[in-house]
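S.K.: Here it is, the structure, as structure tokens.
The values are calculated or read from the model by the stated rules, or taken from the named source; none is laboratory data. Because the structure is predicted, anything quoted here is derived from the model rather than measured. In this analysis, Cβ positions are derived from the backbone assuming ideal geometry, glycine residues included, and neighbour counts consider all displayed protein chains. Just the protein is used for accessible areas: all its heavy atoms, side chains included, with ligands, DNA and RNA removed. Shrake-Rupley method; radii C 1.70, N 1.55, O 1.52, S 1.80 Å.
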Amino acid sequence: MPLFDVTDAPSEGDLAAIGEGLTAFNAADIGPSGRRPLAVLIRDESGKAIGGISGYTGWGWLFTQWLFVPETLRGQGTAGKLLEAAETEAIARGCHGAWIDTFNPQALRAYQRQGYAIFGELPEFPIGRSRFFLQKKLSSR
């Protein structure tokens, strides 16, 4: 019988067992994802990363996991420029769509200005807000 171990400190090996198992299952089920990391970094004058986008491409989609714009660069269209750069690279990798999620109202408006449309909502995540899931069709420009 399996033993269940609830933990808030899984080892890298523990997480690798889950990730590798799921990756192998999905590859056998629908084919390899072709997953590749994708980042667009904002660097300061010294070359230090101070913000940007982090995500990945796989199965023809760009997923933006994190997008952070430093306060000094907000309100200048920086988020849109980051998304555009990531989308351009995703298209070059053969992607046909992009998706992102947020519970920040300002970010939601920024993503919608970039052509992302809501396809799902998770109310009260976190309490008092909704988490929105957005997608965008990508095409060669």
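S.K.: Sort out which residues of the stretch 83-105 are open to solvent by 10 Å² or more (accessible area, probe 1.4 Å), outside any helix (DSSP H, G or I) and either out of contact with any Lys or Arg (no Cβ under 9 Å at 6 or more places or on another chain) or not hydroxyl-bearing (Ser, Thr, Tyr) (or both), and write them in order of number.
M.R.: ARG93, GLY94, CYS95, HIS96, TRP99, ASP101, PHE103, ASN104
S.K.: Now a separate question. Only one residue in GLY115, GLY75 is part of a loop (DSSP other than H, G, I, E, B) and open to solvent by 50 Å² or more (accessible area, probe 1.4 Å). Which one?
M.R.: Selected residue: GLY75, the only one of GLY115, GLY75 that is part of a loop (DSSP other than H, G, I, E, B) and open to solvent by 50 Å² or more (accessible area, probe 1.4 Å).
S.K.: Which members of the stretch 18-48 meet the condition of being without any contact (Cβ under 8 Å) to a residue 12 or more places away in the chain, small (Gly, Ala, Ser) and open to solvent by less than 50 Å² (accessible area, probe 1.4 Å)?
M.R.: GLY19, GLY21, ALA27, GLY31, GLY47
S.K.: Give all pairs with beta carbons closer than 8 Å in which a residue from the stretch 81-97 that is touching a residue at least 24 places away in the same chain (Cβ under 8 Å) meets a residue that is in a helix (DSSP H, G or I) and open to solvent by 10 Å² or more (accessible area, probe 1.4 Å); count only pairs at least 6 apart in sequence or on separate chains.
M.R.: If the second residue must be in a helix (DSSP H, G or I) and open to solvent by 10 Å² or more (accessible area, probe 1.4 Å), the pairs left are LEU83/TYR111.
S.K.: Here's something else I'd like to know. From the list GLY75, GLY51, GLY31, GLY19, exactly one residue is closer than 22 Å to GLN135 by Cβ and among the small types (Gly, Ala, Ser). Which is it? Talk me through it step by step, then tell me what you get.
M.R.: Values: GLY75 fails: closer than 22 Å to GLN135 by Cβ; GLY51 fails: closer than 22 Å to GLN135 by Cβ; GLY19 fails: closer than 22 Å to GLN135 by Cβ.
The match here is GLY31.
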